[in-house]
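*Asks:* Before anything else, here's the structure in question.
Only the coordinates and a few stated rules stand behind these numbers; no lab work does. This one's a predicted model, so the numbers in the text were calculated from it and none came from an experiment. Ideal geometry is used to build each Cβ from the backbone, glycine not excepted, and the neighbour counts take in all protein chains shown.
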Amino acid sequence: MRSTSRRSFLKTAGAAVAATCVGAQRLSAKGTKLPVGIELYSVREQMAKDLEGTLAKVRAAGYEVAESAGFVNHTAAEYRKALDNAGLKLISGHYTLALLRTQLDKIIEDAHTSGMQYVVCSSSGGQHRVPSSKPDLSLDDWRWVAGELNKIGEKTKAAGITLGIHNHTPEFATLDGVLVYDELLKLTDPKLVTFQMDCGWVFASGHDPVQFLKKTPNRFPLLHVKDMVMQPDGKEKITVLGKGSINYGPILKAATGAKYYYVEQEEYDLEVFEELRLDAEYMRNLSV
C-alpha cells in the first residue's frame with residue numbers, strides 16, 4: 001500500500017534509485033517454487049462492487065494465494081467463503097498499528113475465521129506516543145513502535161498467528177546516524193515479529209532489498225513485489241512487473257526464507273486483470 005509520507009523520501013531517493021536500478025538484466029525461464037500470490041489491495045475498487053466475481057477473475061489471472069487489506073464491508077466468514085469459492089487461499093492480512101493496538105482480539109478472531117497464518121502491521125504511523133500532527137517519527141518513536149510490535153507479537157503468537165511488519169519508505173530514513181529499518185530489525189524479537197519486505201518501496205528509498213535479505217533471510221517470510229519506473233521529477237510510476245527498473249531474479253534468489261510473496265499493482269495503464277495476468281506470468285517464468 002501507499003505511505004502518506006513517502007513522497008518526501010522519494011524526492012531525495014530518485015538519483016540513488018536510478019543509479020542502482022538502471023540496466024538491471026531480466027532473467028528467464030525456470031520459475032519460482034513459491035505459489036503466485038496477490039495483495040488484494042490491488043483490486044480494492046473491483047471487490048467493493050463485486051467481491052465474488054472479482055476474486056474469480058483474480059484466480060483466473062493465475063493467482064493461488066492472497067493477502068487481504070480489509071474485508072470490503074463483509075464479515076470474515078463471508079470473505080472466507082468468497083475466497084474458497086474462487087479457489088484462493090488467504091495467508092495474511094494488513095492492519096494498521098492503531099488497529100492492532102486497539103482491536104487485537106477482534107483481529108485474531110477474524111484471522112482464525114478467515115484462515116490467516118499472519119497478521120501484518122501495514123503502517124506504523126498515526127497512532128504513537130507523539131501527537132498525530134507530527135509529520136515524521138523520531139528515532140525514539142520508532143523504538144517505541146518496535147516495543148509495541150513485540151507486545152502484539154507475543155499475543156498473536158499465543159493465538160497461533162505470526163505478526164509481521166510491512167515497510168514503505170519512512171522505515172529507510174537515517175535518523176541520528178541510524179537507519180530506521182536496521183533498528184526495527186534489531187529491537188524486534190525474531191520469535192515474535194517477522195518482516196514483510198515491500199521490495200518496491202525499498203528500491204524507491206534508494207536501497208537494495210538483497211542486502212537485507214542476505215543478512216537475515218529467515219526474518220523475511222513474506223514479500224511484496226511491484227515494479228517501478230522513476231520519472232524525471234524523481235517520483236515513481238508503478239508498472240507491470242518486468243517493465244520497470246527492478247530485477248526480481250537476484251531478490252528472490254536472496255530471499256531464501258521466503259514462504260509467500262504477493263504481487264501488488266497499485267495503478268494500471270491497461271485493463272486491470274490483463275496487467276495482473278502479466279504480473280503472474282512474469283513471476284511464474286522468473287528464474288532464480
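*Asks:* Where does each of Glu45, Glu64 land when they are ranked from fewest to most other beta-carbon atoms within 10 angstrom? Spell out each step's value before the answer.
*Replies:* Values: Glu45 11, Glu64 17.
Going from least to most buried by this count: Glu45, Glu64.
*Asks:* Right, another one. With springs only between Cα atoms under 10 Å apart, run a GNM on the chain and tell me which of Asp50, Asp227, Asp141 wobbles the most.
*Replies:* Looking only at Asp50, Asp227, Asp141, the largest GNM fluctuation is found for Asp50.
*Asks:* Counting Lys and Arg as +1 and Asp and Glu as -1, what is the net charge of the other residues whose Cβ lies under 15 Å from the Cβ of Lys81? Could you put the intermediate results ahead of the total?
*Replies:* Numbers: positive: Arg59, Arg80, Lys89; negative: Asp50, Glu52, Glu78, Asp84, Asp110.
Local net charge: -2.
*Asks:* R0 = 25 Å: FRET efficiency of Asp189 with Asn285, Cβ-based, nearest 0.05?
*Replies:* On the way: r = 38 Å, r/R0 = 1.50.
So the FRET efficiency works out to roughly 0.10.
*Asks:* Continuing with the same structure: Once you've got the Cα coordinates, tell me which of Lys186/Lys235; Lys186/Lys243; Lys151/Lys186; Lys49/Lys155; Lys33/Lys151; Lys49/Lys243 are over 25 Å apart. If you can, show how the numbers build up before the last one.
*Replies:* Values: Lys186/Lys235 30 Å; Lys186/Lys243 35 Å; Lys151/Lys186 15 Å; Lys49/Lys155 35 Å; Lys33/Lys151 33 Å; Lys49/Lys243 29 Å.
In this structure, Lys186/Lys235; Lys186/Lys243; Lys49/Lys155; Lys33/Lys151; Lys49/Lys243 lie more than 25 Å apart at Cα.
*Asks:* Apply the Karplus curve 6.51 cos²θ - 1.76 cosθ + 1.60, θ = phi - 60°, to the phi angles in segment 65-80 and return the couplings in whole Hz, x for Gly and Pro.
*Replies:* 10, 8, 10, 8, 10, x, 9, 6, 6, 10, 6, 4, 5, 5, 5, 4
*Asks:* Rounded if a/c is under 1.5, else prolate if a/b beats b/c, else oblate: with a ≥ b ≥ c from the C-alpha gyration tensor eigenvalues square-rooted, which is segment 154-232?
*Replies:* Since a/c reaches 1.5 and a/b is larger than b/c, the shape of segment 154-232 is classed as prolate.
*Asks:* Fewest to most neighbouring Cβ within 10 Å: what's the order for Phe273, Phe195, Phe71?
*Replies:* Values: Phe273 16, Phe195 25, Phe71 19.
Going from sparsest to densest Cβ surroundings: Phe273, Phe71, Phe195.
*Asks:* So, one more: Check which residues have an amide H placed less than 5 Å from His224's amide H, if you skip close sequence neighbours.
*Replies:* Residues meeting the criterion, in which the H sits 1.01 Å from N, are Met197, Asp198, Cys199, Tyr262.
*Asks:* Could you list which residues have their amide H under 5 Å from that of Gly70, counting only those 5 or more apart in sequence or on another chain, with H placed in the peptide plane?
*Replies:* Amide H neighbours of Gly70, under 5 Å, 5+ apart: His94.
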